[in-house]
Amino acid sequence: MIGYASFDTWWWPYVFIAIAGWLATDMWRWIGVLVGNRLEQDSAALTWVRAVATALLAAVIAKLIIYPTGELADVPLALRLVAVSVGFAVFLASGKRIWAGIVTALGVLIGGQLLIG
Amino acid sequence: MSTLSAERGAYWFLKGARGIASLPAIILMSAFVGFCGFAVEAGIPFGQTVFMTGMIWALPAKVLLVGSILAGASLPAAFLTVALSSIRLMPMVAALIPEIRTPKTPTWLLLLLSHFIAITAYVFTMERIRDVPREHRVAFFAGFGITVTTANIVLVAVIYSTVSNLPAMLAGALFFLTPVYFLTSIWASTRDRAGHIAMVFGLALGPLFHQVAPEFDILYAGIVGGTLAFAADRLWQGRAAS
């Protein structure tokens, strides 16, 4: 099957990225525009679409924390979960201050790693 | 009169562009530093990494594409992986478009601008769009989207050669920044109850469906979680009314 390394030319990887990357993402954006153009503001349909979008994003968030890529995968899962939970609690307690939640979560993540050694 | 409205459009475009100095944009740029490190580690050449940044724009899709290249996936398999993960862009765009368009906004313009919609642009716009006069919302969004995308293309190009010197603990923290930021900012910018319920369902169902159907986990979690949240919200509303 044709893959990323199939052709030994400079331009082939760009074609690969354009098809498997650009086309694979932008086609959904275009469909989204056509669907969104038909949705009325404050309609039940829009509320449902927004709820689906939000649940999708939440699933992405949970996956980024539980099944991470890169260096974060070397940090123990328990520490990642504690860091995000404490961060979210501080965010709520501080009257939804986003920076307070982020600083706390990162502090716990880095502090925890230093403690574990 | 038309020059006046063009001037005001330019004002709102610049106002959107100024969003480059906002918390969401700064966090996204940190996440791009993390992505750039990942691409370098995976052996993706400079030109292709920069090309990917501009052409795909959505960060999770890029991470998956690099992962597919690393795994030696075929073109159809890589396309399918990225396309499945990017379905989430569809409801995001569909939810955003009614907020920014006017009856006069041409569809081709929205199709063109939709390229700049990814999670950060969605969150940023949903948070601030109600304070922007409707006729200037497209300009405001274009200003933010185009500026942030361009800035990150430049950022990736500039740091490509030095990013591998980043300490491991810092690189890990950069990967952690994104989900924590999304979690808090989406919670803060969600105004309706259905949205908050959807968030809780999505967080729980994402990892659950990952165990059952890893290829479609995000999609299933979104549709099932979103629909349950919508139903729960309607039920709640019905009870309160009766």
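The values are calculated or read from the model by the stated rules, or taken from the named source; none is laboratory data. Only a predicted model underlies this, so the values are computations on that prediction, with no experimental measurement involved. Counting neighbours? That spans all protein chains shown, and the Cβs are built from the backbone with ideal geometry, glycine included.
Could you identify the single residue in B:PHE116, B:PHE141, B:PHE124 that is over 23 Å from A:ALA73 (Cα atoms), more than 8 Å from chain A (Cβ to nearest Cβ) and in contact with a Pro (Cβ under 6 Å, 6 or more places away or on another chain)?
The unique qualifying residue is B:PHE124.
Does the range B:30-55 hold any residues that are within 16 Å of the chain's Cα centre (by Cα) and either surrounded by fewer than 18 Cβ atoms within 10 Å (Cβ to Cβ) or of a type in the set (S, T, N, Q) (or both), and which are they?
Listed by number, the residues that qualify are B:SER30, B:THR53, B:GLY54.
From (1) in contact with a Leu (Cβ under 6 Å, 6 or more places away or on another chain); (2) modelled with pLDDT of 90 or more, pick out the condition that doesn't hold for B:THR102.
It fails just one condition, (1).
For A:GLY3, work out the one condition from (1) in contact with a strand residue (DSSP E or B) (Cβ under 8 Å, 6 or more places away or on another chain); (2) surrounded by 21 or more Cβ atoms within 10 Å (Cβ to Cβ) it doesn't fulfil.
Among (1) in contact with a strand residue (DSSP E or B) (Cβ under 8 Å, 6 or more places away or on another chain); (2) surrounded by 21 or more Cβ atoms within 10 Å (Cβ to Cβ), A:GLY3 violates only (2).
Could you list all residues from the range A:61-82 that are facing chain B (nearest Cβ under 7 Å) and of a type in the set (A, V, I, L, M)?
Residues satisfying the conditions are A:ILE61, A:ALA62, A:LEU64, A:ILE65, A:ILE66, A:LEU72, A:VAL75.
Which one of B:VAL156, B:VAL148 is surrounded by 22 or more Cβ atoms within 10 Å (Cβ to Cβ), under 22 Å from A:PRO68 (Cβ atoms), of a type in the set (A, V, I, L, M) and more than 7 Å from chain A (Cβ to nearest Cβ)?
That would be B:VAL156, the only listed residue that is surrounded by 22 or more Cβ atoms within 10 Å (Cβ to Cβ), under 22 Å from A:PRO68 (Cβ atoms), of a type in the set (A, V, I, L, M) and more than 7 Å from chain A (Cβ to nearest Cβ).
Could you tell me whether B:PHE182 is of a type in the set (A, V, I, L, M, F, W, C), touching a Ser or Thr at 6+ places or on another chain (Cβ under 9 Å) and touching a residue at least 60 places away in the same chain (Cβ under 8 Å)?
The answer is yes for B:PHE182.
Let's see how each residue does on (1) within 30 Å of B:THR105 (Cα to Cα); (2) more than 18 Å from the chain's Cα centre (by Cα); (3) part of a helix (DSSP H, G or I):
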{"position": "B:ALA139", "(1), (2), (3)": "yes, yes, yes"}
{"position": "B:VAL156", "(1), (2), (3)": "no, no, yes"}
{"position": "B:GLY172", "(1), (2), (3)": "no, yes, yes"}
{"position": "B:PHE201", "(1), (2), (3)": "no, yes, yes"}
{"position": "B:PRO207", "(1), (2), (3)": "no, yes, yes"}
{"position": "B:TYR220", "(1), (2), (3)": "no, yes, yes"}
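Taking A:ALA58 as meeting all but one of (1) closer than 21 Å to B:ALA229 by Cα; (2) more than 7 Å from every other protein chain (Cβ to nearest Cβ); (3) at pLDDT 90 or above, write down the number of the exception.
Every listed condition holds for A:ALA58 apart from (2).
Any chance the range B:43-59 includes a residue that's modelled with pLDDT under 90, within 8 Å of chain A (Cβ to nearest Cβ) and assigned to a helix (DSSP H, G or I)?
Within the range B:43-59 (the criterion being modelled with pLDDT under 90, within 8 Å of chain A (Cβ to nearest Cβ) and assigned to a helix (DSSP H, G or I)), the answer is no, since none of the residues qualifies.
Go through the range A:48-73 and give me each residue that's surrounded by fewer than 22 Cβ atoms within 10 Å (Cβ to Cβ) and more than 13 Å from B:LEU174 (Cα to Cα).
Across the range A:48-73, the qualifying residues are A:ILE66, A:TYR67.
Got at least one residue in the range A:4-12 being at the interface with chain B (Cβ under 7 Å from one of its Cβ atoms) and assigned to a helix (DSSP H, G or I)?
Of the range A:4-12, the ones at the interface with chain B (Cβ under 7 Å from one of its Cβ atoms) are A:4.
The next check asks that each one be assigned to a helix (DSSP H, G or I); those that pass are none.
No: the range A:4-12 contains no residue that is at the interface with chain B (Cβ under 7 Å from one of its Cβ atoms) and assigned to a helix (DSSP H, G or I).
Residue under question is B:PHE230, and the condition is that it be crowded, with 19+ Cβ neighbours inside 10 Å and in contact (Cβ under 8 Å) with a residue 60 or more places away in the chain; does it hold?
Spelling it out, it is not the case that B:PHE230 is crowded, with 19+ Cβ neighbours inside 10 Å and in contact (Cβ under 8 Å) with a residue 60 or more places away in the chain.
Every residue, every condition in (1) surrounded by fewer than 18 Cβ atoms within 10 Å (Cβ to Cβ); (2) more than 8 Å from every other protein chain (Cβ to nearest Cβ); (3) in contact with a Leu (Cβ under 7 Å, 6 or more places away or on another chain), yes or no:
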| residue | (1), (2), (3) |
| --- | --- |
| B:ARG193 | yes, yes, no |
| B:PRO207 | yes, no, no |
| B:LEU219 | no, no, yes |
| B:TRP236 | yes, yes, no |
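Here is a yes/no grid of residues against (1) under 26 Å from the mean Cα position of the chain (by Cα); (2) within 20 Å of B:LYS62 (Cα to Cα); (3) surrounded by fewer than 18 Cβ atoms within 10 Å (Cβ to Cβ):
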site: A:PHE16; (1), (2), (3): yes, yes, no
site: A:ILE19; (1), (2), (3): yes, yes, yes
site: A:LEU23; (1), (2), (3): yes, yes, yes
site: A:ARG38; (1), (2), (3): no, no, yes
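Please specify each residue of the range A:34-46 satisfying the condition of being within 7 Å of chain B (Cβ to nearest Cβ) and in contact with a Lys or Arg (Cβ under 9 Å, 6 or more places away or on another chain).
A:GLY36, A:ASN37
Filter the range A:87-111 down to residues that are at negative phi and either crowded, with 17+ Cβ neighbours inside 10 Å or not in a helix (DSSP H, G or I) (or both), then give me how many there are. Let's see the steps before the verdict.
Taking the range A:87-111 and keeping what is at negative phi, we get A:87-94, A:97-111.
Retained after the next criterion (residues that are either crowded, with 17+ Cβ neighbours inside 10 Å or not in a helix (DSSP H, G or I) (or both)): A:87-88, A:90-91, A:94, A:97-98, A:100-102, A:104-106, A:108-110.
Of the residues in the range A:87-111, 16 are at negative phi and either crowded, with 17+ Cβ neighbours inside 10 Å or not in a helix (DSSP H, G or I) (or both).
Which of the residues spanning the range A:2-48 are within 13 Å of B:PHE79 (Cβ to Cβ) and among the charged types (D, E, K, R)?
A:ASP26
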